[in-house]
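Below is one structure, written out as C-alpha cells; comments come after it.
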Amino acid sequence: MSYEQTLSPSAAAGPGELQQALARAASEARRSWLTMLLLLSLLALALPWLANAYWIKSLISAMALAVAAAGVALLYGQLGLVTLCQHALLGAGGWVALRLSHGLQLPFELCVLAAGATSCLIGMLAGLPALRMKGLYLALVTLMMAGGFQVVISATGFPDGGEGWLGRVVGSERLMMARPALALSDAAYFRYVVICLALVLSLIELHRRTKAGRSWALIRRGEAAAVSAGVNILLYQTWAFGLAGFCAGVSGALLAGGVGQLDGRAFGAGDSVMTFALSVVGGVYHWLGPIIAGLLMRAVPSLLSDYNVSGFLADIFFGAALLHALITAPQGVAGQLVYGLTALRRRITGRPA
C-alpha cells in the first residue's frame, strides 16, 4: 500500500476506521519488509551454490545496479519526478570510491560511504531545477547533466592506481580496487552486495513510512495542498534527490568493487535513460521493482550472450516492455507479481477480493 492510498479520503470514513486503516497499513508494511529480507536472504544463500562464476559476476552487477534503480523508483514513485542522470551519479560515486581506495587505501566501507555522500551532494544540486521545472523540462536538464558527465569521464577516465589528482596509470598495469576483507571471493562479495541492497531498500522503506514519505505523497498530489499542510517543499524535494543520489553513489562503489575497475565508455547518457526505463518496467511502487530492474539490466543481456544472441535484441525487448508498463501496467512487473500473489492467497484462504 502506497501513501497515496493511505491519504485517500475514501480510505476511512471515521476516526475509528481511520485508525484501523493505518494499523493495517503498518502491518502490511512490516510484513512486506520481512518478506524483502527473507527473499534477499534466500538469494544470498542459494545463488552462489547454483550459479557458475560467469553468472555470479553478472548477478553482482545486477544487485549493485538495483541499488541505483531504487533511487530512481524513489523519485518517480513518490514525487513523480523524471530524472535521467542516475547513471551519471553512479559513475561519480564509482570515481570517488576508486580514487579513495587507490590513493588513501581506505577501508572499503568508508569508500562506499564517501561515494554515497558525494553523489548525495551532487544529487541535491541536480535536484534544484526540480523546484521550477517538471516533466519533460526536468528530464531534459538531467539528461544534459548526464551528457556532460559522459564528456568529462570519457576524457579523464576513472582512477586506476596512478598518481596525481586523476589517479591515472601511464605505461603500466591498471590496479584493481580492493574488496572488503570478508568478501574477497565472488560468492562472498555477492552476499556482501545483497546485504548492502537490503540496507538501502530498508532505508527507503523507512522514509516512505515516516514524515518524509507523507510529505512526498502530499507534494505529488499538489504543491498547493502540501504548502497548506505545512510541508517544506524545498526541504523534502532536496531530501529525495539527495537520497536518490546516495543510492547511486553506493551503487557505483559496489559496482567498482565487483569489477575492480570502471570504464568511462560504459557511462553514456543513454545508460541513464535505460536505467530510468527499466526502473519503470520493474516497478517504482514496490521494493521488488529495483531488484527486477537490476536483473533486467544485467541478467537479460547475459542470458542472451549465453545463447549467442545479439545484445541489441534486449533493447527491442526493453522498449516493448516499457510501452506495456506505461500503457497497461503502471505498477510494473513488481506490481503485477504482487497483485497475482495476493489474488492467489485470497483464493486459497477463501477471503473476498
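List of remarks:
- Boolean, A126 is touching a residue at least 12 places away in the same chain (Cβ under 8 Å), more than 16 Å from the chain's Cα centre (by Cα) and within 30 Å of G222 (Cα to Cα): yes
- Failed criterion for A68 (all others in (1) in contact with a His (Cβ under 9 Å, 6 or more places away or on another chain); (2) open to solvent by 10 Å² or more (accessible area, probe 1.4 Å) hold): (2)
- Applying a threshold of 8 Å to beta carbon distances and a minimum spacing of six or more residues, or different chains, the list of pairs starting in segment 134-146 at a residue that is of a type in the set (D, E, K, R) and ending at one that is buried (at least 18 other Cβ atoms within 10 Å of the Cβ) reads K134/L81.
- Selection within segment 149-180: residues that are open to solvent by 60 Å² or more (accessible area, probe 1.4 Å) and β-branched (V, I, T). The member of this set that is nearest to V273 (Cα to Cα) is V151.
- Those residues of segment 77-100 which are of a type in the set (S, T, N, Q) and open to solvent by less than 10 Å² (accessible area, probe 1.4 Å), in sequence order: T83, Q86
- The selection criterion, being small (G, A, S), open to solvent by less than 20 Å² (accessible area, probe 1.4 Å) and not in a helix (DSSP H, G or I), holds for A183.
- Being of a type in the set (A, V, I, L, M, F, W, C), without any contact (Cβ under 8 Å) to a residue 60 or more places away in the chain and in a helix (DSSP H, G or I) holds for only one residue in L110, L90, L98, and it is L110.
- Just one of the listed residues (A126, A130, A146) is at pLDDT below 80, open to solvent by less than 70 Å² (accessible area, probe 1.4 Å) and within 25 Å of L197 (Cα to Cα), namely A126.
- Matching option when the condition is of a type outside the set (S, T, Y) and more than 24 Å from V67 (Cβ to Cβ), among R174, R220: R174
- Test result for S119, crowded, with 24+ Cβ neighbours inside 10 Å, farther than 18 Å from G260 by Cβ, hydroxyl-bearing (S, T, Y) and at pLDDT 90 or above: yes
- Those helices (runs of 4 or more DSSP H) of segment 261-353 in which 2 or more residues are of a type outside the set (A, V, I, L, M, F, W, C) and open to solvent by less than 60 Å² (accessible area, probe 1.4 Å) occupy 269-282, 288-306, 332-349.
The values are calculated or read from the model by the stated rules, or taken from the named source; none is laboratory data. What you see is a predicted model, and the numbers here were worked out from it, not measured in a lab. FYI the Cβ positions are ideal-geometry reconstructions off the backbone, even for glycines, and counts take in every protein chain you see. For accessibility, only protein heavy atoms count, side chains too; no ligands or nucleic acids. Shrake-Rupley method; radii C 1.70, N 1.55, O 1.52, S 1.80 Å.
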